[in-house]
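Read-outs throughout are calculated quantities, based only on the coordinates presented, and are distinct from any laboratory measurement. Everything numeric here is computed off the predicted structure, so don't read it as measured data. As a convention, Cβ positions derive from the backbone with ideal geometry for all residues, glycine included, and neighbour counts pool all protein chains shown.
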Amino acid sequence: MDYDVLETEPFDNKDKVTWVEIVNPEFTSLCPKTGLPDYGTIRIKYMPERLIIELKSLKYYFLQFRNTGIFYESLTKLILKHLVKRIHPLEMTIEAEFTPRGGLTTRVVSTYKK
């Protein structure tokens, strides 16, 4: 997964009171066992320090997962790792909630705190 596509913009959060929340309700990836598509919603909530995520580049980053076989837990952890490397937030939470498969809904949460 190429996280170099993620672009950033400067942001001054000296007061440390600003939270940013981004929701992608159209996320898709592939089940690594069956190759069938997985559909879900990705929520990103973070407190920026000096950088914010540029949204168009984030969309392109997410599109890379459409042809990637990856488990939900690994996917959530990987997104968190890549975003933390790019913007160095004070805090960040990634929540991935996937549509039911076999009657089960899966929700995975990964967090980071500086």
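Phi angles of region 77-91 translate, via the Karplus equation with coefficients 6.51, -1.76, 1.60 and θ = phi - 60°, into HN-Hα couplings of 5, 5, 4, 4, 4, 5, 5, 4, 4, 7, 10, 6, x, 6, 8 Hz per residue; Gly and Pro are given as x. For Tyr60 and Lys16, the FRET efficiency from 1/(1 + (r/R0)^6), where r spans their Cβ atoms and R0 equals 25 Å, is about 0.30. Among residues other than Glu49 with Cβ under 9 Å from its Cβ, the summed charge is +3 (Lys and Arg +1, Asp and Glu -1). The dipole here belongs to the chain: it is taken about the Cα centre, uses +1 on the Cβ of Lys and Arg and -1 on the Cβ of Asp and Glu, and is about 300 debye. Here Lys114 is the anchor, and the lysines within straight C-alpha reach of less than 19 Å, apart from those fewer than 8 places off in the same chain, are Lys14, Lys16, Lys45, Lys77, Lys81, Lys85.
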